[in-house]
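Below is one structure, written out as C-alpha cells; comments come after it.
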Amino acid sequence: MALLEVKELGISFGGLRAVDDFHMTIEQGELYGLIGPNGAGKTTVFNLLTGVYKPTDGYILLDGENITGKKTIEINQHGIARTFQNIRLFNELTVKDNVKVGLHNHHTYSTLTGILRLPKYYKVEKEMDERAMELLKVFDLDGEADYKASNLPYGKQRKLEIARALATDPKLLLLDEPAAGMNPQETQELMNTIRFVRDEFHMTILLIEHDMKLVSGICEKLTVLNFGQILTEGETSEVLNDPKVITAYLGE
Amino acid sequence: MKMKALSKNTKSNLITYGMVILAYVVMEILTRAGMVSSLLQGLLVPLCTYVILAVSLNLVVGISGELSLGHAGFMCVGAFASAFFSNYTKEAITVSGLRFFLALLIGAAVAALFGFLIGIPVLRLRGDYLAIVTLAFGEIIKNVINVIFLGHDSKGFHISFKDAFSMNMEPDGEVLINGPQGITGTPHDSSFLIGIILILITLFIVINMVNSRTGRAIMAIRDNRIAAESVGIHITKYKLLAFTVSASLAGVAGVLYAHNLSTLAAQPKNFGYNMSIMILVFVVLGGIGNIRGSIIAAVVLTLLPELLRSLNDYRMLMYAIVLIATMIFTSSPGGQAFRERYSLKVLFGQKKQEKEAE
C-alpha cells in the first residue's frame, strides 16, 4: 500500500480553478518532487495536503487513512509535517526551543505540572532537551542551540525548519522550496542533508523545488504541474527529457 | 553552553524574586524606623495591586502577543466577587486569614470564568480589533456592576437592576451591593505582607508557565501562528489559556485591592479604561515580555506622582517627561546604542564575559 494516495483532488477559489484533477501516489521511503512554473499550483497542493485549504473535490489517503478536509493540527498528528516557502520560524525563541515546540505533542505534561514544577516536568524537559539536541546535531545546528532563531544565517534557518518539522515525528515530510535563496555550495550541502534524513529516519519526502540540479540530483520521481493540472509524471530522468516539460517549464 | 543558558535564565528569575523580597525587607525596616510617611504607607497595598496587574497583563501582551485593554474589568470582577463574599461571611468566618484565602480563591475563580467566557469570542480578533473589543468588555463589566443591587434577608437573596427598594426585602434585610455606591464595610484583610506574598505567587505562576511546554506553545503562536499550527499546536486552546490565567491573576489583584478599602465602588477612576491603559503603560515601559521590567515600571510610575507632590502643578509634567524619556531610552535606536555602550553590564562585566568566551 502506498504511503500517500491522492485522487481527483481539486480546489476552486471563486471562479478560479487553482488545482484540478490532481493525483499522486508516493511509496514509503520515496523522494518525490513536485515541479512546475510559478503559479502552477504547487504550494496550493501542499496547502491542500496539510489542511490549510479544504479541497473542493477529491480525497487524500495517508497510510490508508482518509485525511481529506481535516484540520492542520489533526493532519500533523496523523503524520504530515511541512516547511514553508517563506521561512516561518518562531523568531523570538531559541533554536532549541523551536525544535522543542515541534516535540510538543510527543513529550507531554500538563500546564499545572509545568507551573508547580513537579518531578514529571524535569523528567520530560530533560527528554525533550536530549531529543532536540539529537535533531539539531543531525543538521549541524547544535552549536547554535541557544541562539535566537532570527539570528541564524539564512541557510541554517532553512535547516532549522526541517529539524522542527522532523521533531513532530512525521511519516511524510513536505519541503516547500528548501533551496530557495541558497548558493550552489549550500544547495549541495542541503541535498546531502535531505538524502541523509531519508536514509537515517526512513522518511518519505515530497518536495517542491525550482533548482533543477537539486531536483535531478535527489528526486526519484516527479510530477509536473502546469496551470493547476498535471502535465506529466514518472521517473525523474524520463520526465525531465519529456518535450512537453521542456516547452512548458525548462525551456530549450 | 546548554547549562550556561539554563542557569542564566534561572538566575534572572531568582533576581526578580529577590528584588521583590528585598523591597519588602527595606520597606519594613524603614517603616519600623518611622521613616515612611503615612501617605506612602497607604500606597503600599495599591502598589502591590499594580505590580500584580502589570505582571499578569504582560502574560497577554508580551507572551501571548495580544493587545488587551480590558484588564481593569477582570480586576473589577475579582474585587466585587471577593468583597461580596467577605462581607457576607464577615460574621460566619472570624479568622481573617482563612476568610481572605477563600475570598482570594473566589475572586480568582470568578475572574478566570469571565476571562474564559469573554476570551472565546474576543480571541478570534487580532491586533487593534482585539484591543477595541476588550476595551468595550472592560467598560461593560464596570457599568453592569454599577447597576446591580443585591441584598440578603431572612428569605434569602434579592437582586434588582433598578434600585435598592425594588428588591422588596424584609425589614431585617441587609444591602450587600448597593449599585453605584458599591460594597461598604469590607473587612480590612489586606496588608503589605499579603500583597508581597501574592506578588511572589503571581511571579511564580507566570515565570514557571512561560518557561514550560505551555509557555513555549503560547510564544510559538505569537511568533508564527501558521507554523505553530503546522507542528500541531492547538491555537485557540493556548491563547485562551493565557488569557484566562491572566484574567484570573487580575482578579487576585482585585481581591487585594478590595480588602484594602472599606468602600468599594466601580468608578471610572479605579476600574475604568484609564486603569487598563495605566497597566498597559507599565507593561510597555517595563518592556513588553519583560516581567521584571513590568514590576519596576509599576513601582516607579506609581510612586513618582506621589513623590513629586511637593511640586504641585509640575508633577504631571514631570510624569510625562519621565514616560517619554523612558520610551526614547528603551526603544529608539539612539537610546539602545547608548544603553549598549554605557550599560552597567558593559562597564563592570566586560572582563568576565571575555573570560567566559575563552
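Solvent-accessible area of B:Thr244, all protein chains in place: 30 Å² (probe radius 1.4 Å, heavy atoms, ligands and nucleic acids excluded). Taken per residue, the accessible surface of the protein assembly as shown reaches 46 Å², heavy atoms only and a 1.4 Å probe. Distance between the C-alpha centres of the range A:171-243 and the range A:25-72: 15 Å, rounded to the whole angstrom. Projecting the Cα atoms of B:Ser160, B:Val144, B:Leu130 onto the charge dipole of the range B:115-186 (Cβ charges, centred on the Cα centre) puts B:Leu130 farthest toward the positive pole. At an R0 of 45 angstrom, the distance between the Cβ atoms of B:Gln41 and B:Ile226 translates into a FRET efficiency of 0.30. In this simple spin-label model, placing a label point 7 Å from the Cα along the Cα-to-Cβ direction at both A:Tyr154 and B:Tyr314 gives a separation of 5.5 nm. Placing +1 on each Lys and Arg Cβ and -1 on each Asp and Glu Cβ, with no other charges, gives chain A a dipole about its Cα centre of roughly 900 debye. Taking amide H atoms as placed 1.01 Å from N in the peptide plane, the amide H of B:Gly173 has no partner under 5 Å among residues 5 or more positions away or on other chains. Pairs A:Lys126/B:Lys237; A:Lys7/A:Lys96; A:Lys126/A:Lys221: which are spaced more than 32 Å apart, C-alpha to C-alpha? Pairs exceeding 32 Å: A:Lys7/A:Lys96; A:Lys126/A:Lys221. Computed from phi, the 3J(HN,Hα) profile of the range A:58-68 under the Karplus parametrisation 6.51, -1.76, 1.60 (θ = phi - 60°) reads x, 9, 10, 10, 10, 6, x, 9, 7, 10, 4 Hz, with x in place of Gly and Pro.
By a 1.4 Å probe calculation restricted to protein chains, B:Leu193 has an accessible surface near 80 Å², given to the nearest 10. Per-residue Karplus couplings for the range A:81-95, computed as 6.51 cos²θ - 1.76 cosθ + 1.60 with θ equal to phi - 60°, are listed in order as 10, 9, 10, 10, 4, 9, 3, 10, 9, 8, 4, 7, 8, 6, 4 Hz, Gly and Pro entered as x. Between B:Ile277 and B:Leu125, residue separation times 0.36 nm minus the direct Cα-Cα distance comes to 52.8 nm.
Here the range B:1-119 is treated with +1 on each Lys and Arg Cβ and -1 on each Asp and Glu Cβ, and its dipole about the Cα centre works out to around 480 debye.
Along the axis of the charge dipole computed for the range A:25-159 (Cβ charges of +1 for Lys and Arg, -1 for Asp and Glu, origin at the Cα centre), the listed residues A:Leu135, A:Pro153, A:Leu34 are led at the positive end by A:Pro153.
Here the label points at B:Ala325 and A:Leu16, each 7 Å from Cα along the C-beta direction, are separated by 5.5 nm in the simple model. Projecting the Cα atoms of B:Ile328, B:Met169, B:Phe116 onto the charge dipole of chain B (Cβ charges, centred on the Cα centre) puts B:Ile328 farthest toward the positive pole. Counted residue by residue at 0.36 nm each, then reduced by the alpha carbon distance between them, the extension gain from A:His202 to A:Asp146 reaches 17.3 nm. Under a 5 Å amide H cut-off, with hydrogens placed 1.01 Å from N, A:Thr232 pairs with A:Val224 among residues at least 5 apart or on other chains.
Near A:Gln229: Cβ cut-off under 10 Å, other residues only, Lys/Arg at +1 and Asp/Glu at -1. The net charge is -1. Between B:Asn168 and B:Thr263, the simple label model (points 7 Å from Cα in the Cβ direction) yields a spacing of 3.1 nm.
The values are calculated or read from the model by the stated rules, or taken from the named source; none is laboratory data. Given the structure is predicted, the values throughout are model-derived calculations rather than measurements. Cβ: placed from backbone, ideal geometry, glycine included. Neighbour counts: every protein chain shown. The area values use the complete protein model at the heavy-atom level, side chains included, leaving out ligands, DNA and RNA. Shrake-Rupley method; radii C 1.70, N 1.55, O 1.52, S 1.80 Å.
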